[in-house]
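Undergrad: Below you'll find the structure I mean.
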Amino acid sequence: DQQVKQNSPSLSVQEGRISILNCDYTNSMFDYFLWYKKYPAEGPTFLISISSIKDKNEDGRFTVFLNKSAKHLSLHIVPSQPGDSAVYFCAARITQGGSEKLVFGKGTKLTVNP
Amino acid sequence: DTGVSQNPRHKITKRGQNVTFRCDPISEHNRLYWYRQTLGQGPEFLTYFQNEAQLEKSRLLSDRFSAERPKGSFSTLEIQRTEQGDSAMYLCASSLGLGQGNTEAFFGQGTRLTVV
């Protein structure tokens, strides 16, 4: 079962506009949510995270919103830049019995057009 | 460079051979994770170490896979009798423990395994 879902495989936006990437989850035990950015042939790079007890976290051009009742989070990038073109992964952290791990969605490929 | 380091970056092996990958985490990180990523998928959890103790293994980790983290520093992931289905990007990540104000796991650049 896929506990973290990114339903949009791709998104295309114009430079300077807002990019909104969405993520849904099913497991109420997740305590942190993270967004990673990935370029081809490289490992994921951490972007921003949010605790499950918060509803918003902002870092420069990146803002993550969490709606716990809807089990939904989104990443806003404003303004979008061509260098933001990459695959974005939503991840959720779960800690159980002394262990912890991240559960990832399948990713959304963002293309920012000049 | 003080990030997570993985070696080799690429490995091509014949089916049935054994392969071993190495991960050097960020030095002060006591948590270490292995993930596997295939085309069109997000990274999938394989195993987790806290210091030298392996605390969780995914059911994805068949008995042909073994991971170690001697002395709680670097880690190795070995795949015995490789199969074509093992072809993937193997990612290592490390992080600080809970309660230390850091939640993110930092990933290495991965080892791309191709089994022919």
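Undergrad: In 5 Å bins starting at 0, how do the alpha-carbon pair distances of chain B split up by percent?
TA: Reading the bins upward from 0: 2, 12, 23, 26, 19, 10, 5, 1, 1.
Undergrad: Another question, then. Considering every Cα-Cα pair within the protein assembly as shown, what fraction, in whole percent, is farther apart than 29 Å?
TA: Everything past 29 Å amounts to 27 percent.
Undergrad: Going through region B:36-116, which trypsin sites (Lys or Arg not before Pro) have at most 15 other Cβ atoms within 10 Å and a DSSP loop state?
TA: B:ARG59, B:ARG64, B:ARG81
Undergrad: Then there's this: Loop-only GluC sites (Glu not before Pro) in region B:10-53, please: DSSP not H, G, I, E or B, and at most 16 other Cβ atoms within 10 Å.
TA: Qualifying residues, ordered by number: B:GLU28, B:GLU52.
Undergrad: Per-residue HN-Hα couplings for region A:23-30, Karplus 6.51 cos²θ - 1.76 cosθ + 1.60 at θ = phi - 60°, whole Hz, x for Gly and Pro?
TA: With coefficients 6.51, -1.76 and 1.60, one gets 8, 10, 9, 10, 8, 6, 7, 5 Hz.
Undergrad: If you don't mind, there's one more thing I want to ask. What whole-number volume per residue, in cubic angstrom, does the convex hull of the C-alpha atoms of region B:52-101 give? Walk me through the numbers on the way to the answer.
TA: Values: hull volume 5.4 nm³, N = 50.
Taking only Cα atoms, region B:52-101 has a hull volume of 108 Å³ per residue.
Undergrad: Still on this structure, I have one more. What percent of all Cα-Cα pairs in chain A falls into each 5 Å bin, going from 0 up to the bin containing the maximum distance?
TA: 2, 12, 24, 25, 19, 11, 5, 1, 1, 0
Throughout, read-outs are computed from the coordinates displayed, never taken from laboratory work. Everything numeric in this text was worked out from a predicted model, so none of it was measured. With ideal geometry, Cβ positions are generated from the backbone for all residues, glycine too; neighbour counts draw on all protein chains shown.
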